[in-house]
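Inspection log for the structure reproduced underneath, given as structure tokens.
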Amino acid sequence: MNAIIAVLGSVISTVALWTRKKAARPLRVIHTVRLTVRRVRAGNRSVLDLAKTVLGTGSALAVLAVLMFPLYWIFAASLSSGTGLMSTDGLFADPTTYNLDAYRWVLFESPFVDALRNSLVVVFVTVSVSMSVVIPGAYALSRHEFRGRKKILYGYVLFTQVGAGLSIATLIALYVLFNSVGLSNNLLVLGLFYAAGAVPFNTWLLKTFMDNIPVSYEEAAVIDGAGRWQVIREVILPLSKPGIAVVLVFTFLAGWNEFIVARTLLRPENYTLSVELYALATAGQYDTPWTQFSAFAMLFAMPVALIYFFAQSYVESGLSFGGMEG
């Protein structure tokens, strides 16, 4: 109970902090505009330079609007009546007709809950297995010299780069192999396969991050009497949190979003969310229920958005691979 309360408190504090930052943004924008106007009047900034800044900002906002438009369209369609993405009066339905019928259908009448359970099983296996291999593997490749180390690194790069080129051949081989041993409809085996595919790239990624952690930190801990496992637990892992967060997000996506292998190996009773979403789009003989499809798609994408929202600071710092000051 205390753990649940602690988690809820952490979530509430994170949301409150994010809300305060977003609420203060208009004030910062107004302050920046006033400061810019004063600098132009004082001659500290030219009108041409200001025009370039405004043009660049406007172009960036236009690109952002184009990129976000499909998301807004799908969200609006999920709230509309009927089954179409567009209404007879225009691209979007009348906001006065918005309702939650599509979401009620997805949650209470569609196979969403069963598919969600299947996806969670696959993701749990993928994340737990891959992280148990990636973290010690990245540490060993980053901190130790041993025979075959460079060959392993080159092998990881090879599997990372050429895997897509062998995707069709691999898919056919997997289907034949799994069918021959009776594992073509097994969620645990599917999670293990995703974990195996996620290990090379994510091990290389985390190893690159650990390379930026000064060895002097470990040496200082050893001088203070810490053992090898204590150094890893109290020095390496805390300093590697941003990199681990990135790897965690990537491995989660590997199990959550993948469609082709799951569609090939699973049968309807074990469909994951991605496969069930495709099945919904192709279920109608003459028409696709786009309103229900949109609601299903929004619920399917929500966990990914929430994970990135709560791990945003770690992910951004982990992807930057900035040097650490010692």
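Tabulated values for the structure
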item: Exclusive hit being at pLDDT below 80 and closer than 27 Å to Leu280 by Cα, set Tyr175, Tyr194; result: Tyr175
item: Verdict on Glu234 being out of contact with any strand residue (DSSP E or B) (no Cβ under 9 Å at 6 or more places or on another chain), within 29 Å of Ala140 (Cβ to Cβ) and either free of Cβ contacts under 8 Å to residues at least 12 places away in the same chain or not in a helix (DSSP H, G or I) (or both); result: no
item: Conditions (1) open to solvent by less than 60 Å² (accessible area, probe 1.4 Å); (2) within 27 Å of the chain's Cα centre (by Cα); (3) modelled with pLDDT of 80 or more; (4) not aliphatic (A, V, I, L, M): number failed by Arg117; result: (1)
item: Selection status of Ala62, at pLDDT 80 or above and under 33 Å from the mean Cα position of the chain (by Cα); result: yes
item: Of residues in the stretch 253-284 being aromatic (Phe, Trp, Tyr) and surrounded by fewer than 20 Cβ atoms within 10 Å (Cβ to Cβ), the one nearest to Tyr175 (Cα to Cα); result: Phe259
item: Those residues of the stretch 24-55 which are outside any helix (DSSP H, G or I) and either loosely packed, with under 10 Cβ neighbours inside 10 Å or of a type outside the set (Lys, Arg) (or both), in sequence order; result: Ala42, Gly43, Asn44, Ser46
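The values are calculated or read from the model by the stated rules, or taken from the named source; none is laboratory data. Every value quoted in this text rests on a predicted model; they were computed, and no experiment measured them. Please note: Cβ atoms are built from the backbone with ideal geometry, for glycine as well, and neighbour counts cover all protein chains shown. Accessible surface areas use protein heavy atoms only, side chains included; no ligands, DNA or RNA. Shrake-Rupley method; radii C 1.70, N 1.55, O 1.52, S 1.80 Å.
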